[in-house]
Every structure is written in structure tokens, then in C-alpha cells.
Amino acid sequence: MADGDLATRRGLHLRAAALDERFARGSGPGGQHRNVTASAVEIVADLGELDGPGADRVRAKLGAVVRVRAEASRSQWRNRTIARARLADLIDDAAIVVAPRRPTRPSRGARQARLDAKRRAAERKRSRAWRPDGD
């Protein structure tokens with residue numbers, strides 16, 4: 001893997017040539033430093049170059065191009081690190097195979113126990129009711 005390539009925890013690789021990093025002035029507080037330095041980072045990744053296990057699944061979920069932006073820090077280097085980490089996490093999350101849910105049903109005994117408990121609660125409430133004496 002060459003310098004500048006992006007590798008994820010799940011073993012997916014994206015070559016540096018597929019990453020387009022752009023730097024711009026950030027918004028928000030920071031004073032003069034924020035106004036004169038291009039510290040905000042935007043990474044545009046071409047996922048057509050993505051290879052590894054689940055790359056097709058990632059492309060199906062995210063599309064052919066993904067854009068990530070970071071401007072939390074005053075440092076361009078730190079923002080670049082944050083943006084690359086966000087991109088790696090985004091790719092990893094899209095690579096996860098979600099197992100289909102198998103619907104479950106309560107057992108016959110569980111249904112019977114629930115109905116018995118409801119019956120007991122109803123009887124308890126019925127016994128609290130005020131009844132005038134029939135004498």
C-alpha cells in the first residue's frame with residue numbers, strides 16, 4: 001500500500017489517486033487565523049477504485065462518489081486526519097452485512113402464562129369494587 005492510500009479496519013483499500021483532497025477557508029469562530037488559512041478539508045472519493053471484501057456492497061449503498069468534509073480544527077493536518085477517518089468509518093459501516101431479522105413467536109406456554117396473569121389481575125381489580133350489602 002502506497003503512502004496516501006486509505007485502508008479501513010475491514011480490509012478495504014482505496015488508492016490515493018482515487019482521493020481528491022480540497023482545502024478551503026473554514027467557517028465559524030477562529031478569528032484572523034480562520035480568515036486567512038485554508039484549514040477546512042473536503043475529500044471526494046471515487047469508490048470505483050475501491051477494492052477488498054464487500055467493495056461492491058459499499059458502492060451499492062453509497063454510490064460511485066462520496067464527499068466528506070471536516071473543519072472542526074484550526075489545523076489543516078488535523079482536519080485532513082479527521083476527514084480521512086470519517087471516510088474510512090463511512091466505508092466500513094456500508095460494508096457491514098445486516099442479517100435479516102427472523103420473526104419469532106411466543107411459545108404456547110408463554111401465551112398461556114400471559115393470559116393467566118391477565119385473568120388474575122382482572123379478578124384482583126374486580127374484588128376491590130364496592131358492593132352494597134344485600135341484607
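Does THR81 satisfy being within 27 Å of VAL58 (Cβ to Cβ), out of contact with any Cys (no Cβ under 6 Å at 6 or more places or on another chain) and of a type in the set (S, T, N, Q)?
yes
Considering only segment 84-135, state which residues are of a type in the set (Val, Ile, Thr), out of contact with any Ser or Thr (no Cβ under 8 Å at 6 or more places or on another chain) and surrounded by 10 or more Cβ atoms within 10 Å (Cβ to Cβ). Before you say what the answer is, go through the steps one by one.
Of all residues in segment 84-135, those of a type in the set (Val, Ile, Thr) come to 91, 96-98, 104.
Subsequent filtering for residues that are out of contact with any Ser or Thr (no Cβ under 8 Å at 6 or more places or on another chain) retains 96-98, 104.
Within segment 84-135, just ILE96 meets the criteria.
Please note which helices (runs of 4 or more DSSP H) are completely contained in segment 30-135 and include at least 1 residues that are more than 15 Å from LEU12 (Cβ to Cβ). Lay out the reasoning, then the answer.
Working: elements: 31-36, 55-62, 76-95, 108-128.
By residue number, 31-36, 76-95, 108-128.
Taking the condition of being under 30 Å from ASP5 (Cα atoms) and among the hydrophobic types (A, V, I, L, M, F, W, C), how many residues in segment 87-135 meet it? Steps first, answer last, please.
Quick first cut of segment 87-135, residues under 30 Å from ASP5 (Cα atoms) only: 87-98.
Checking which are among the hydrophobic types (A, V, I, L, M, F, W, C) leaves us with 87-88, 90-91, 94-98.
Selection size over segment 87-135: 9.
Working carefully through the options ASP116, ASP3, ASP93, ASP56, find the one that is in contact (Cβ under 8 Å) with a residue 12 or more places away in the chain, out of contact with any Cys (no Cβ under 7 Å at 6 or more places or on another chain), of a type in the set (Asp, Glu) and on the phi < 0 side of the Ramachandran plot. If you could, list the steps in order and put the result at the bottom.
On the way: ASP116 fails: in contact (Cβ under 8 Å) with a residue 12 or more places away in the chain; ASP93 fails: in contact (Cβ under 8 Å) with a residue 12 or more places away in the chain; ASP56 fails: in contact (Cβ under 8 Å) with a residue 12 or more places away in the chain.
Only one candidate qualifies: ASP3.
Give me the residue from segment 17-33 that is more than 21 Å from ARG57 (Cα to Cα) and surrounded by 12 or more Cβ atoms within 10 Å (Cβ to Cβ) and, out of that set, modelled with the lowest pLDDT.
The residue in question is GLY30.
GLY4 is checked against (1) of a type outside the set (Val, Ile, Thr); (2) surrounded by fewer than 16 Cβ atoms within 10 Å (Cβ to Cβ); (3) not in a loop (DSSP other than H, G, I, E, B) and fails just one. What number does that condition carry?
Only one criterion is unmet by GLY4, namely (3).
Looking at segment 7-29, which of its residues are closer than 15 Å to GLU71 by Cα and assigned to a loop (DSSP other than H, G, I, E, B)? First the steps, then the outcome.
Going residue by residue through segment 7-29, those that are closer than 15 Å to GLU71 by Cα are 21-29.
Scanning segment 7-29 gives ARG25, GLY26, SER27, GLY28, PRO29.
The values are calculated or read from the model by the stated rules, or taken from the named source; none is laboratory data. It should be emphasised that the depicted structure is a prediction, and the values quoted were computed from it without experimental measurement. All Cβ positions, glycine included, derive from the backbone under ideal geometry; neighbour counts span all protein chains shown.
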